[in-house]
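Asks: Could you have a look at this structure, given as structure tokens, before my questions?
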Amino acid sequence: MSSPKTEKVTMDKIVSLAKRRGFVFPGSEIYGGLANTWDYGPYGVELKNNVKKAWWKRFVQEREDMVGLDASILMNPKTWEASGHVQSFSDPLMDCKNCKERVRGDKIIEEHYGVEAAAGKNLKEIGEFIKEKKIPCPKCGKSDFTEARSFNLMFRTHQGVVEESSAMVYLRPETAQGIFVNFKNVLATTRHKLPFGVAQIGKAFRNEITPGNFTFRTREFEQMEIEYFIKPNTEKELFEMWEKECFAFYTDLGINKEKLRMRHHEAKELSHYSKMTVDIEYEFPFGWGELQGTAHRGTYDLTRHSEFSGEELVYFDSETNEKYIPEVIEPSFGADRTVLTFMIDAYDEDEIGGEQRVVMRFHPQLAPIKAAILPLVKNKAIITDKAEKIYNDLKKHLMVEYDESGTIGKRYRRQDEIGTPYCITIDFDTVEKDDAVTVRDRDTTKQERIKTSELLNYLRTKLES
Ligand code: GAP
């Protein structure tokens, strides 16, 4: 991507631009909203779809060792007993006795004494540590909390018509389990040899105690997950391959490398299923935060599902004539966090001809609108007819927008703010002289004259480069 970034991005600016330009709206706003829910607006949904498309292309379409899946959100509740979520997927909840603020005990320790101080502590130890260090309530500043108690993060609902007699089901807290329960089906229908992976994009739900930071932590979010099945004891090279691939996903789409880092989890921080986890973190305006994680889940999930379901979830290795449970490497991405990261990283402010502008320097593959078609004037049919024709031709191939209101300068600014890589102006020369248009580049603001007959190819080449 283009010119040097300013360090002017703040969460307030991102939230405000997101609302003002139709990327992200507060959820159910006309009813006063619902805390920590967000709706993607017209440009936001394009951006998010493009992120998911880029992810699917890279990790499914372009790889011979990967296939896709789209499993149900509601699953047999035994799934969550087998996965360990009923037993272990909980956070230490505490209430401030003074102001009634609800806090996550481990998080407030983390905020004051770092990740390592919080990791591995049981409920009693968390409570004692907070008391001993007099860690203050983030809202009122007093240090007087209730005991820490375990709060399971899974949302429950009922399947069936009459609530009392219906079956209790969970909204899935991760998409991963949909892949494990389909391991046998995928193996039987694709006949893949190890190593191979299954990818899935879908919603997950967690009743987070402290959601916040815009779309960074919400109770309903989307994940993009891969379960990569491998021969036991081959994890070293394959884990490294996935670490690199995941990192490259972000940098190839323009994320500033200096804002990314890898963080290995300490043994005591690991989730109940993981033998090793490495996170990719991004430096958000509110500090470093997890963007993606790759975990070595070993044989944990397939073993547990075999035990709980009675189905044999094994792989027959025709080379060695052995039957065994494959191990799993799991690269897991949050789609909403990824979108938020692309928005923050793309945000820039600069000056053009003495005028300040806000420009979202999205990678062309991710930009919600690829090109804007701008007739120089709106009151000359000769110009607007030609512009409409160009728009109608291009829209069959690319997400484009037609805009005839306001000065050209104003229209450029509007497109810069939503990150449109190219603006196409149709002027009198187009219709009277050369049948060419002016194409302006968002980042350099340089302009080129391109024949209308070559326009689609020109844009395609630019957008793919
Ligand atoms: N299957 C493994 C798993 O779910 P995780 O680290 O709990 O691992 C994976 O979640 C990714 O999902 C995270 O790296 C993050 O990007 C995203 N994520 C997790 N909780 C989230 C939340 N409450 N809001 C938004 N994204 C979340």
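Asks: So which of F316, F308 ends up being over 23 Å from the mean Cα position of the chain (by Cα), more than 16 Å from the ligand (Cβ to nearest atom) and touching a residue at least 12 places away in the same chain (Cβ under 8 Å)?
Replies: On the way: F316 fails: touching a residue at least 12 places away in the same chain (Cβ under 8 Å).
Only one candidate passes the filter, namely F308.
Asks: State whether one or more residues within the stretch 21-37 are among the hydrophobic types (A, V, I, L, M, F, W, C), without any contact (Cβ under 8 Å) to a residue 12 or more places away in the chain and over 26 Å from K462 (Cα atoms). Break it down stepwise before answering.
Replies: We begin by selecting, within the stretch 21-37, every residue among the hydrophobic types (A, V, I, L, M, F, W, C); these are 23-25, 30, 34-35.
Restricting the remaining residues to those that are without any contact (Cβ under 8 Å) to a residue 12 or more places away in the chain gives 30, 34.
Filter again for over 26 Å from K462 (Cα atoms), leaving 30, 34.
Scanning the stretch 21-37 turns up at least one residue that is among the hydrophobic types (A, V, I, L, M, F, W, C), without any contact (Cβ under 8 Å) to a residue 12 or more places away in the chain and over 26 Å from K462 (Cα atoms).
Asks: Among the numbered criteria (1) within 15 Å of the ligand (Cβ to nearest atom); (2) open to solvent by 10 Å² or more (accessible area, probe 1.4 Å), which single criterion is violated by E355?
Replies: Going through the list (1) within 15 Å of the ligand (Cβ to nearest atom); (2) open to solvent by 10 Å² or more (accessible area, probe 1.4 Å), E355 breaks only (1).
Asks: Suppose we filter the stretch 327-357 for residues that are of a type outside the set (G, A, S) and in a strand (DSSP E or B); how many remain? Give the steps one after another, and end with the answer.
Replies: Applying the first criterion (of a type outside the set (G, A, S)) to the stretch 327-357 yields 327-331, 333, 336-345, 347-352, 355-357.
Filter again for in a strand (DSSP E or B), leaving 327-331, 333, 347-352, 355-357.
Within the stretch 327-357, residues that are of a type outside the set (G, A, S) and in a strand (DSSP E or B) number 15.
Asks: Continuing with this model, one more query. Can you tell which of F333, F342, F308 is among the aromatic types (F, W, Y), under 30 Å from H265 (Cα atoms) and in contact with a His (Cβ under 9 Å, 6 or more places away or on another chain)?
Replies: After ruling out the rest, the residue left standing is F342.
Asks: Go through the stretch 156-216 and tell me which strands (runs of 3 or more DSSP E), entirely inside it, have 1 or more residues that are touching a residue at least 40 places away in the same chain (Cβ under 8 Å) and of a type in the set (A, V, I, L, M, F, W, C).
Replies: Working: elements: 156-159, 167-170, 196-205.
Passing ranges, in order: 167-170, 196-205.
Asks: Based on what the data block shows, is A54 out of contact with any Lys or Arg (no Cβ under 9 Å at 6 or more places or on another chain), among the small types (G, A, S), under 26 Å from P195 (Cα atoms) and at pLDDT 95 or above? Step through it out loud before you land on a result.
Replies: Values: out of contact with any Lys or Arg (no Cβ under 9 Å at 6 or more places or on another chain): yes; among the small types (G, A, S): yes; under 26 Å from P195 (Cα atoms): yes; at pLDDT 95 or above: yes.
Here the answer is yes, as A54 does meet what is asked.
Asks: Determine whether I329 is within 14 Å of the ligand (Cβ to nearest atom) and in contact with a Pro (Cβ under 9 Å, 6 or more places away or on another chain).
Replies: Numbers: within 14 Å of the ligand (Cβ to nearest atom): yes; in contact with a Pro (Cβ under 9 Å, 6 or more places away or on another chain): yes.
Here the answer is yes, as I329 does meet what is asked.
Asks: Tally time: how many residues in the stretch 268-285 are more than 9 Å from the ligand (Cβ to nearest atom) and either more than 20 Å from the chain's Cα centre (by Cα) or at pLDDT below 95 (or both)? I'd like the intermediate steps shown before the answer.
Replies: At the first step, the residues of the stretch 268-285 found to be more than 9 Å from the ligand (Cβ to nearest atom) are 268-270, 272, 275-276, 278, 281-285.
Subset that is either more than 20 Å from the chain's Cα centre (by Cα) or at pLDDT below 95 (or both): 268-270, 272, 275-276.
So the answer is 6.
Asks: For the stretch 241-256, name all the residues that are within 19 Å of V328 (Cβ to Cβ) and not basic (K, R). It would help to see each step written out before you state the result.
Replies: Narrowing the stretch 241-256 to residues within 19 Å of V328 (Cβ to Cβ): 241-246.
Hits for the stretch 241-256 are M241, W242, E243, E245, C246.
Asks: Determine whether R219 is near the ligand (Cβ under 10 Å from one of its atoms), open to solvent by 50 Å² or more (accessible area, probe 1.4 Å) and either free of Cβ contacts under 8 Å to residues at least 60 places away in the same chain or within 25 Å of R156 (Cβ to Cβ) (or both).
Replies: Values: near the ligand (Cβ under 10 Å from one of its atoms): yes; open to solvent by 50 Å² or more (accessible area, probe 1.4 Å): yes; either free of Cβ contacts under 8 Å to residues at least 60 places away in the same chain or within 25 Å of R156 (Cβ to Cβ) (or both): yes.
In short, yes.
Asks: Taking the stretch 224-255 as the search range and keeping residues that are surrounded by 15 or more Cβ atoms within 10 Å (Cβ to Cβ) and either hydroxyl-bearing (S, T, Y) or farther than 21 Å from G298 by Cβ (or both), which one is nearest to the ligand (Cβ to nearest atom)? Show your work before the answer.
Replies: Initially, the stretch 224-255 is screened for residues surrounded by 15 or more Cβ atoms within 10 Å (Cβ to Cβ), giving 224-231, 235, 238-239, 242-243, 245-247, 249-250, 253-255.
Retained after the next criterion (residues that are either hydroxyl-bearing (S, T, Y) or farther than 21 Å from G298 by Cβ (or both)): 224, 228, 247, 249-250, 253-255.
Numbers: M224: 9, Y228: 12, F247: 14, F249: 13, Y250: 12, L253: 16, G254: 19, I255: 14 Å.
Step by step, filter the stretch 224-255, then rank; the result is M224.
The values are calculated or read from the model by the stated rules, or taken from the named source; none is laboratory data. Everything numeric here is computed off the predicted structure, so don't read it as measured data. Positions of Cβ are backbone-derived with ideal geometry, glycine not excepted, and every protein chain shown enters the neighbour counts. Areas reflect the complete protein model, heavy atoms only, side chains present, ligands, DNA and RNA absent. Shrake-Rupley method; radii C 1.70, N 1.55, O 1.52, S 1.80 Å.
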